[in-house]
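> I'd like to ask you about the structure that follows.
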């Protein structure tokens, strides 16, 4: 199976087209466009154009956050499941504390509360 582009991914706006580009490791992954490009400036209000732009920004941010925290969330979930089914770790408060910290950090990253 082919590997995906390494993380972290980030976005940048092309000043000429106003499209958002998503890239990782200097590799273009996606170009985010929306109905913003389809809106006729004469037939749409500034509020409609701003809302379309805000939607593109929010979608790009959501996608990037999900991709960039995938490995941490997966590792935290695996460790949590192991803790639930492993008699040795159930009674190890240091291990439980480490797992709780790992899970909390991954969740914060997924929610956009931590930048990396």
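> May I ask you to verify whether residue 2 is exposed (fewer than 12 other Cβ atoms within 10 Å of the Cβ), within 26 Å of residue 103 (Cα to Cα) and modelled with pLDDT of 85 or more?
no
> If I ask for residues that are out of contact with any helix residue (DSSP H, G or I) (no Cβ under 7 Å at 6 or more places or on another chain), assigned to a loop (DSSP other than H, G, I, E, B) and under 17 Å from residue 70 (Cβ atoms), which ones from the range 1-30 would you list?
Within the range 1-30, 1, 2, 3, 4, 5, 6, 25 meet the criteria.
The values are calculated or read from the model by the stated rules, or taken from the named source; none is laboratory data. All values derive from a computational prediction rather than experimental measurement. Methodologically, a virtual Cβ is constructed for each residue, glycine included, from the backbone with ideal geometry; neighbour enumeration extends over all protein chains shown.
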